[in-house]
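A.B. asks: Below is one structure. I have some questions about it.
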Amino acid sequence: MAKNPALATNMEVDYVIVFRYATTDKAQAEQRLEEMLERLSGAGLATEVRKGNDHSVLVFIKVGSDEHMNAEIYRSRAKDWIHGVRSAEPAKDTESALEEDPLTEAERLRVIHGLITHPRDEGGAGITPHKGKWENVESVFALHDHNYNKEWIKKWSTQYLLTPEDLDEIRNRMGEKIAFYFAFTQSYFTFLAFPAGIGAFAWAFLGYFSIWYAIIASLWCVVFVEWWHHQERDLSVRWGVKGVSAMDQKRREFKPEHSTQDPITGETMQIFPAKNRVMRQALSIPFIIIAVTALGTIITSCFAIEVFISEVYSGPLKSLLVFLPTVILTTALPALSGVLTTVAQKLTDFENYETEAQYERSMTAKTFVLNFITSYLPLCLTSFVYVPFGSVLVPYLDVFSVTCKPFAENEKQLQCPKHSSEFEINPARLRKQVIYFTVTAQIVNLAMEVVVPYFKRQGLMKYKEMKQDRAAKNGAPVPSAAADDPEGETDFLARVRNEVELEHYDVQGDLKEMVVQFGYLAMFSVVWPLAPLSFLINNWIELRADAVKICIEMRRPVPWRADSIGPWLNALSFIAWLGSITMSALVYLFSNDGLGPDGTPSEIKGWALLLSIFFSEHLYLLTRWLVATAISKIDSPGRQKERRAMTLTRRKVMKESMERTRMVPPPGEKVDEVTRSSLEEDARQSSLRTSSPVERFWDRQRGWKEAAKIGRLYIERDVYDEKSSQEKKEL
């Protein structure tokens, strides 16, 4: 039992709508609130209103009756059946159907969310936050189940691995989309045990840039990506969402150019010409070029400044100035990335996609490009620019002497070497960078996700309290939202107001983090073979930190469905392919005991480098085909469940069809005995009507008994004729 009584109950509240009216005219705000409550009531939802913080109203929602809920559940499951997600038609008696197929918490919340947001012609209230007339609706969210969250975190903190039942529980509580993230991270974590062991062995006995480690790591990447593809399909069957991605949710922001009627189905179709969308998508090309140029310029400039300060500058404050590029990156890069992400979002909106899945794929592609540059470009610069060409390029770095000139005592401290022989490459630079990205950056990201938001929220709450206390001392107290709380609800409403202040959880951010981490392993772990071990430790913590983040630092997410991790699977495949190229290139460049070409490109044989890349890439393609073929032959619980469901459905349909057929009497079953009078009657009836040759053909015998009798006469006659012929021959 929770210590705080406010955490022990949700007052049977399903969802909370935050209606904020700070910048809206009073009469208009009242009219919109009244219309919203009327629509919610029309959708079968009961509502209660309480005062919120900062000029807002909290609308508490629950389903008004079991009849509304059962009807919506049936419509939802029938839609699944129509689209092939369910193998059998749902029973119309929903109460009895729920006994065989119980309603999960995730399905219940998803159905109720549909009642709030679906259009009115689909049975919903049509309330869409921040859109159109509902711009005052700030958010729609469900309340946390704090008792369950407490038990969930306690359980996870005491076990090493997540079981399939744990993943099922996440799916039942938070939906398949979040469950797929945890399933992916769990699979990735368990798979990391192998490269972590191999990496530790390579670090201890084989050294850096080991060709054997590179081969094993590349093969591991192929096996993991293909295995997850198989596992993804298995989980989609296990959770009953295979093919759910085909049921794309329509975007309210979609703007069709015209409407037309489907000549086949008669439905009204909203059309946006594909040609127009392709022209808009073409704008992504200049956007990517600009993004690569802008991000690349900042990263390359900071990289060059860091090389200049650390390896050329010899004046005072060098130990402090060496952090200048880091300061520039940590301030300028997030700001520029934020601007580019906003532009990418605006560009994706402009592309005018009809469904949420199409929009998400396009946005993910742009996000992946931005993160690819910011995550991997520094390592690529060190690997393929600094190491091979450092001695050639360093003499030109004097342009960056302006960063240290105010601190230098003389020009000699800023002078770049004139000849390549005067400059020595630091072979440990690349390894230090890899260690930073695979260890230090992971710790920083974990702190930014869990620790910083907590202190930020606590500091904001403390600031508000101090502001209210200061206003009260000055004689102008700020009205408190809790002043109008009914008796017995104060603690509960205080908790709800705190949850309103929490941020929205986006699972795409966590998936992006895991994919970027996979890229470090696939492309650069040969530099420092202990990287997989670092990721293994980090991801054990990450799984539990994400659970804490969802339960404490974020609002309860809407339990959306999914049948995969979406476009991130394609990103994994691309990274695995690119890793086969970078691994082979690094092994070749640093094949001389890890020292590299020492900044002199003349030592690099271009044909040998290209041959290494060519061989590695083709080996990757062959291995991928073999692994995918082998894994496709593996049976799994999901496939067994799919076959079982198909077999049961087929048997059920055949049984029902056979039962209906047996109720129909066989032709001629009630035919009377053939007599002379019956034959005369049939002849008389046939003379009274005109019949076709076909009818006369089928009217000669009535029923199988008469056909059998005639057949016996034919047999007896043939036998008698044969005996008579034989007797004549003997005579």
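A.B. asks: Test of understanding: among 24, 94, 9, 47, which residue is touching a Lys or Arg at 6+ places or on another chain (Cβ under 9 Å), closer than 24 Å to residue 146 by Cβ and either surrounded by 17 or more Cβ atoms within 10 Å (Cβ to Cβ) or among the β-branched types (Val, Ile, Thr) (or both)?
C.D. replies: Of the residues listed, the single one that is touching a Lys or Arg at 6+ places or on another chain (Cβ under 9 Å), closer than 24 Å to residue 146 by Cβ and either surrounded by 17 or more Cβ atoms within 10 Å (Cβ to Cβ) or among the β-branched types (Val, Ile, Thr) (or both) is 47.
A.B. asks: Okay, moving on. Go through the residues of segment 459-467 one by one and say whether even a single one is at pLDDT 80 or above and among the acidic types (Asp, Glu).
C.D. replies: Scanning segment 459-467, I find no residue that is at pLDDT 80 or above and among the acidic types (Asp, Glu), so the answer is no.
A.B. asks: Could you check residue 141 against (1) touching a helix residue (DSSP H, G or I) at 6+ places or on another chain (Cβ under 6 Å); (2) buried (at least 18 other Cβ atoms within 10 Å of the Cβ); (3) of a type outside the set (A, V, I, L, M) and say which number it fails?
C.D. replies: Only one criterion is unmet by residue 141, namely (1).
A.B. asks: While we're here: Would you check which residues across segment 116-131 are among the hydroxyl-bearing types (Ser, Thr, Tyr) and either touching a strand residue (DSSP E or B) at 6+ places or on another chain (Cβ under 6 Å) or part of a loop (DSSP other than H, G, I, E, B) (or both) and list them?
C.D. replies: Once the filter is applied, which keeps residues that are among the hydroxyl-bearing types (Ser, Thr, Tyr) and either touching a strand residue (DSSP E or B) at 6+ places or on another chain (Cβ under 6 Å) or part of a loop (DSSP other than H, G, I, E, B) (or both), segment 116-131 yields only 128.
A.B. asks: Could you give me the residue pairs with C-beta distances under 8 Å whose first residue belongs to segment 368-395 and is surrounded by fewer than 20 Cβ atoms within 10 Å (Cβ to Cβ), whose second residue is acidic (Asp, Glu) wherever it lies, and which are 6+ apart or on separate chains?
C.D. replies: As it stands, the answer is none, since no pair meets every condition given.
A.B. asks: Regarding residue 148, is this residue within 30 Å of residue 588 (Cβ to Cβ), outside the structural domain of residue 537 (by TED's automatic domain parsing) and in a helix (DSSP H, G or I)?
C.D. replies: So residue 148 does not fit the description; no.
A.B. asks: Might you check whether a residue that is crowded, with 16+ Cβ neighbours inside 10 Å, in a loop (DSSP other than H, G, I, E, B) and under 25 Å from the mean Cα position of the chain (by Cα) occurs anywhere in segment 106-115?
C.D. replies: no
A.B. asks: Tally the residues that are assigned to a helix (DSSP H, G or I) and either within 28 Å of the chain's Cα centre (by Cα) or modelled with pLDDT under 75 (or both), restricting the search to segment 258-275.
C.D. replies: Number of matching residues: 1.
A.B. asks: Can you tell which of 245, 218 is farther than 22 Å from residue 577 by Cα and small (Gly, Ala, Ser)?
C.D. replies: Only one candidate qualifies: 245.
A.B. asks: Continuing with the same structure: Could you grab me the full set of residues in segment 182-224 that are within 19 Å of residue 587 (Cβ to Cβ) and outside any helix (DSSP H, G or I)?
C.D. replies: Selection gives 207, 208, 209, 210.
A.B. asks: Report whether or not residue 22 is free of Cβ contacts under 8 Å to residues at least 60 places away in the same chain and either in contact with a Cys (Cβ under 7 Å, 6 or more places away or on another chain) or among the aliphatic types (A, V, I, L, M) (or both).
C.D. replies: Yes: the conditions hold for residue 22.
A.B. asks: Could you please let me know if residue 337 is farther than 23 Å from residue 578 by Cα, surrounded by 17 or more Cβ atoms within 10 Å (Cβ to Cβ) and touching a residue at least 24 places away in the same chain (Cβ under 8 Å)?
C.D. replies: It is true that residue 337 is farther than 23 Å from residue 578 by Cα, surrounded by 17 or more Cβ atoms within 10 Å (Cβ to Cβ) and touching a residue at least 24 places away in the same chain (Cβ under 8 Å).
A.B. asks: Tally the residues that are modelled with pLDDT under 85 and buried (at least 16 other Cβ atoms within 10 Å of the Cβ), restricting the search to segment 116-138.
C.D. replies: So the answer is 1.
A.B. asks: In addition: List the residue pairs whose Cβ atoms are under 8 Å apart, where the first residue sits in segment 480-505 and is closer than 17 Å to residue 460 by Cβ and without any contact (Cβ under 8 Å) to a residue 60 or more places away in the chain, the second is among the hydrophobic types (A, V, I, L, M, F, W, C) and surrounded by 15 or more Cβ atoms within 10 Å (Cβ to Cβ), and the two are 6 or more positions apart or on different chains.
C.D. replies: 502/554; 503/554
A.B. asks: If you don't mind, there's one more thing I want to ask. May I ask you to list pairs of residues, at least six apart or on different chains, whose Cβ atoms are under 9 Å apart, with the first in segment 457-469 being closer than 18 Å to residue 553 by Cα and the second being of a type outside the set (Val, Ile, Thr) and in a helix (DSSP H, G or I)?
C.D. replies: Pairs that qualify, where the first residue is closer than 18 Å to residue 553 by Cα and the partner is of a type outside the set (Val, Ile, Thr) and in a helix (DSSP H, G or I), are 457/498; 457/553; 461/498.
A.B. asks: From the set of residues in segment 483-536 that are more than 29 Å from residue 196 (Cα to Cα) and of a type in the set (Ser, Thr, Tyr), which is surrounded by the fewest Cβ atoms within 10 Å (Cβ to Cβ)?
C.D. replies: Here the answer is 490.
A.B. asks: Please work out if residue 131 is without any contact (Cβ under 8 Å) to a residue 12 or more places away in the chain and either in contact with a Pro (Cβ under 6 Å, 6 or more places away or on another chain) or not assigned by TED's automatic domain parsing to the domain that holds residue 557 (or both).
C.D. replies: When the stated conditions are applied, residue 131 does not pass them.
A.B. asks: Let me ask something else. Quick check on segment 615-657: of everything there that is within 30 Å of residue 581 (Cα to Cα) and in a loop (DSSP other than H, G, I, E, B), which residue is modelled with the lowest pLDDT?
C.D. replies: Among them, the one singled out is 634.
A.B. asks: Among helices (runs of 4 or more DSSP H) lying entirely in segment 283-400, which contain 1 or more residues that are of a type in the set (Val, Ile, Thr) and in the same structural domain as residue 517 (by TED's automatic domain parsing)?
C.D. replies: 284-311, 324-350, 356-381, 387-393
A.B. asks: From (1) at pLDDT 85 or above; (2) surrounded by 17 or more Cβ atoms within 10 Å (Cβ to Cβ); (3) small (Gly, Ala, Ser), pick out the condition that doesn't hold for residue 42.
C.D. replies: For residue 42, the exception is condition (2).
A.B. asks: For residue 575, indicate whether it is aliphatic (A, V, I, L, M), at pLDDT 90 or above and under 30 Å from residue 152 (Cβ atoms).
C.D. replies: no
A.B. asks: Picking from 264, 289, 285, which residue would you name as being closer than 28 Å to residue 445 by Cα and β-branched (Val, Ile, Thr)?
C.D. replies: Among 264, 289, 285, only 289 is closer than 28 Å to residue 445 by Cα and β-branched (Val, Ile, Thr).
The values are calculated or read from the model by the stated rules, or taken from the named source; none is laboratory data. Since we're looking at a predicted model, the values are computed, not measured. When we count neighbours, we look across all protein chains shown, and the Cβ atoms used for this are built from the backbone with ideal geometry, even at glycine.
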